[in-house]
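**Q** Can you read through this structure? Questions will come right after.
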Amino acid sequence: MPFIEKIAPNDVLPQRADVVVIGAGIAGIMTALELAERGLSVVVVEKGEVAAEQSSRNWGWCRQMGRDPREIPLILESLALWRGMNERVNAETGFRTCGIAYVADDEKEMAKHEAWLKNSAVPHGIESRLITSDQVAQLLPGSTVKWAGALYTPSDARAEPFIAVPAMARALQKLGGKIFTSCAARGLETSAGHVSAVVTERGTIACDSVVLAGGYWSRRFLHNMGVSFPQLGVLGSVMRTAPLDGGFTTSFSAGKFTARKRLDGGYTVTHNFVSVADIVPDSFRLLMDFLPVFMLDWRGLRLRLGKRFIEEAKLARRWSMDEVSPFEQVRILDPEPAQWILDEATAAIKSTFPAFQNMQIAEKWGGVIDATPDAVPVISPITQKPGLFMASGFSGHGFGLGPGAGKLMAQIVTGEKPCVDPHPFRFSRFSDGSRPRPTTGL
């Protein structure tokens, strides 16, 4: 499990709040912070620790580049918020504008980048641009490879997940928001058809609204309430080096690896192309929903049947409010990384950059990315359950999108004019005949 700064939780569970947020990842914490800044009483309940799952296990990229066009307005809003985040929370989040480059091996790959630039970047005013092989060499000095070129966005950025979300959580507490860790939500109570309370393992909190920001666990929580949410997990495998002078600060992906400079002087390194999709019982239940995703990205997914299938099968899909829930049985989902993926990335970066030949791996970790069929999040009311809202299914994009997602979710809860069009993020797209599909805008 990667290191993460822990926060001191609040002590006494309140009897009532305006809004209860389930889940203390970046989406849940930023939603709660936005609501608290509006003067609402907010309680966050978390089965484990703040940001202990994917919100602390991601790459730390805050990028516009390569986005699905449906996400672009939200990432523009989010980056504007990220730029002022240190001042807003009065703490270091590690946010730095560093630029990101998608390096291309050949002209075919450059053509794909050019298509995204034309179809997605230019219409939204994103300053991405194509750069030449010589310009890549200047941006990423010391490489043994001569690349065809790259798609480069100098205004893209990075932040440090392991300190950023805890800093946001502490800012929430200073505003009067309450956070309870090791406090799983078991379910909801309703009154006259409207959500009226959250039942936790430590007691019941009456409320007017509930925001479900449970990441990978959102599908299971909703299923217990009779609501279907198509969501599967993908294992990401990541590592970090000890402090190292790699010669570049631009974050980039190339071939079989990605790298970004860290605030501590090391690099976060992972594979650029390959992830593991563990086969679980839901893989069969949701086969037709996710088949288009697999067909689009089949080369980058490695299906695996192993102990994860048994672990998932043992977890209850239905339980009562007086029973121990699955969320108490698995406080923190802490999967082992796929070592062969990290080995491949290590060999690739060492052969490409001699400066990494003697790199020391300080830490390795795995994280489960919660994915939707179109790889776009849900930030929306759940109309089947009035008073219930959801911010989940970020499909590996949640860290960068987190501040904007929190703002949009808070606006939807309070009935304000939304900062971006919420229609692409509606929950109903999975049941209204829209047949959502992934796209990169290429």
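None of the figures in this text is laboratory data; all of them are computed from the coordinates on show. Computed from a predicted model, the values in this text were never measured in an experiment. Reconstructed Cβ throughout: ideal geometry from the backbone, glycine too, with neighbour counts over all protein chains shown.
**Q** If Lys and Arg each add +1 and Asp and Glu each add -1, what is the summed charge of the other residues whose beta carbon sits under 12 Å from the beta carbon of ALA157?
**A** +4
**Q** How much of the DSSP bridge set in the chain is antiparallel, in percent, rounded to the nearest 5?
**A** If I count the DSSP bridges inside the chain, around 70 percent turn out antiparallel.
**Q** Which aspartates and glutamates does LYS307 reach when only Cα atoms under 16 Å apart count, and residues fewer than 8 places away in its own chain are ignored?
**A** Reachable aspartates and glutamates: ASP278, ASP282, ASP334, GLU336.
**Q** Pop out the ³J(HN,Hα) list for region 255-263 in order, Karplus 6.51 cos²θ - 1.76 cosθ + 1.60 with θ = phi - 60°, rounded to Hz; leave Gly and Pro as x.
**A** So the Karplus estimates, Gly and Pro as x, are x, 9, 8, 10, 8, 9, 5, 10, 5 Hz.
**Q** For region 45-58, just list the computed ³J(HN,Hα) in residue order, Karplus coefficients 6.51, -1.76 and 1.60, θ = phi - 60°, integers in Hz, with x standing in for Gly and Pro.
**A** 10, 9, 5, x, 10, 4, 6, 7, 9, 5, 5, 10, 10, 7
**Q** Sticking with this structure for a sec: What lysines sit close enough to LYS314 to cross-link, taking a C-alpha to C-alpha distance under 20 Å and skipping anything fewer than 8 places away on the same chain?
**A** Result set, ordered by chain and number: LYS47.
**Q** Add +1 for every Lys or Arg and -1 for every Asp or Glu among the other residues with Cβ under 13 Å from the Cβ of ILE379, and state the total.
**A** Overall, the nearby charge balance is 0.
**Q** Counting Lys +1, Arg +1, Asp -1, Glu -1, what net charge surrounds ALA242 among other residues with beta carbon under 14 Å of its beta carbon?
**A** Once positives and negatives cancel, what remains is +1.
**Q** In addition: Could you sort out which of LYS112/LYS407; LYS178/LYS385; LYS6/LYS261 sit more than 27 Å apart by Cα distance in this structure?
**A** Exceeds cut-off: LYS112/LYS407.
**Q** Can I ask one more? Is region 65-163 rounded, prolate or oblate when judged by the Cα gyration tensor, a ≥ b ≥ c being the square roots of its eigenvalues, rounded requiring a/c under 1.5 and prolate requiring a/b larger than b/c?
**A** Oblate is the answer for region 65-163, as a/c is 1.5 or above yet b/c matches or exceeds a/b.
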